[in-house]
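The values are calculated or read from the model by the stated rules, or taken from the named source; none is laboratory data. Being a predicted model, the structure only gives us computed values, none of them experimental. Cβ coordinates were reconstructed from backbone atoms using ideal geometry, including for glycine residues, and neighbour counts include every protein chain displayed.
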Amino acid sequence: MRLVSVNVGQPRLVEWKGEAVQTGIFKAPVAGPVAVARTNLEGDRQADLAVHGGIDKAVYAYASEHYPSWSGELGRLDLSWGMFGENLTTEGLDEATVRVGDRFAIGTAEFEVSQPRLPCHKLGIKFSRADMVKRFLRSRRLGFYLRVRHEGVIRAGDEIRRAGSDPTAPTIADLALLETTKRHDVALLQRAVVATALTEGWRTKYQERLDRLRA
């Protein structure tokens, strides 16, 4: 497993459907060492802390292996690393093999998987496509957010080492199903609500859904 690219960016104002929107989704690869702080990477900042950033969503990771599929689906050959707003473009990690609570050591930093990424309208802005949010969710190629367990320094090309995993925890692919085609899967919901590494808001959401199904 390898860190293909480290991508950062500052919020900017863009025009979308006649309105000015502030977004931090525009990320670009950086060379050399990058410091990892508790809530973001050096040189990076999120625009809307209500849905991005903070302790639970400090860093966003996305698989480089998804890029060819998107290039073919969208008919675009210009997708550069960071196109999906990810901070870390990875190799060897995907939604089917990454579990909530998995810990990964990269460089001198350590990260913990906290939840999948759900797309917002700013992904549509980035791609200039109003249908991009639905496409992204339907694809279930969501990527995942990371907490920073240990601050440190990373750089593109670093090895990604799995530092811990709970085999009973749901995978990111499992949670993607709960957001799409298996919203009422009781067994999956039960696994999700006991996954202590899953962000509190998501566990509450799934517990409420489970309670409604049991009522």
Notebook entry, point to check: In the range 5-25, which residues are in contact (Cβ under 8 Å) with a residue 60 or more places away in the chain, among the polar types (S, T, N, Q) and farther than 26 Å from Ile106 by Cα?
Noted result: Thr23
Check: Mind checking which residues of the range 157-192 are of a type in the set (S, T, N, Q) and either in contact (Cβ under 8 Å) with a residue 12 or more places away in the chain or assigned to a strand (DSSP E or B) (or both)?
Finding: Ser165, Thr168, Thr171, Thr180, Gln190
Next item on the list: Can you give me the ranges of the strands (runs of 3 or more DSSP E) entirely in the range 71-122 with at least 3 residues that are farther than 26 Å from Val194 by Cβ and within 13 Å of the chain's Cα centre (by Cα)?
Entry: 88-91
Note to self: For a quick check of your reading of the model, give me the residue pairs whose first member lies in the range 87-104 and is of a type in the set (Phe, Trp, Tyr), whose second is in a strand (DSSP E or B) and surrounded by 23 or more Cβ atoms within 10 Å (Cβ to Cβ), with beta-carbon atoms closer than 7 Å and at least 6 apart or on different chains.
What the structure shows: Phe104/Phe111
Note to self: Can you go through Asp166, Asp158 and tell me which one is touching a Gly at 6+ places or on another chain (Cβ under 7 Å) and at pLDDT below 95?
What the structure shows: Asp166
Check: Tally time: how many residues in the range 193-215 are touching a residue at least 24 places away in the same chain (Cβ under 8 Å), in a helix (DSSP H, G or I) and either touching a Gly at 6+ places or on another chain (Cβ under 9 Å) or closer than 12 Å to Val100 by Cα (or both)?
Finding: 1
Note to self: Where the second residue is outside any helix (DSSP H, G or I) and of a type in the set (Gly, Ala, Ser) and the first is over 20 Å from Asn87 (Cβ atoms) and lies in the range 132-145, which pairs have Cβ atoms under 7 Å and are six or more apart or on separate chains?
What the structure shows: none
Next item on the list: Taking the residues in the range 142-156 that are part of a loop (DSSP other than H, G, I, E, B) and in contact with an Asp or Glu (Cβ under 7 Å, 6 or more places away or on another chain) as candidates, determine which candidate is surrounded by the most Cβ atoms within 10 Å (Cβ to Cβ).
Entry: Gly143
Margin query: One residue is enough: does the range 53-63 have a residue meeting the conditions among the acidic types (Asp, Glu) and at pLDDT 95 or above?
Written below: yes
Check: Among the residues of the range 177-215 satisfying the criterion of being surrounded by 18 or more Cβ atoms within 10 Å (Cβ to Cβ) and β-branched (Val, Ile, Thr), which is nearest to Pro167 (Cα to Cα)?
Finding: Val193
Margin query: Whether any residue in the range 31-40 is in a strand (DSSP E or B), more than 17 Å from the chain's Cα centre (by Cα), touching a residue at least 12 places away in the same chain (Cβ under 8 Å) and over 20 Å from Phe104 (Cβ atoms) is what I want to check.
Written below: no
Check: Could you say which residue among Arg209, Arg214 is basic (Lys, Arg), modelled with pLDDT under 95 and more than 20 Å from the chain's Cα centre (by Cα)?
Finding: Arg214
Next item on the list: For the range 54-69, state whether one or more residues are free of Cβ contacts under 8 Å to residues at least 40 places away in the same chain, in contact with a Phe, Trp or Tyr (Cβ under 9 Å, 6 or more places away or on another chain), under 15 Å from Gly143 (Cα atoms) and surrounded by 14 or more Cβ atoms within 10 Å (Cβ to Cβ).
Entry: yes
Checklist line | Residue in the range 1-30 that is modelled with the highest pLDDT, counting only those that are part of a strand (DSSP E or B) and touching a helix residue (DSSP H, G or I) at 6+ places or on another chain (Cβ under 7 Å) | finding: Val4
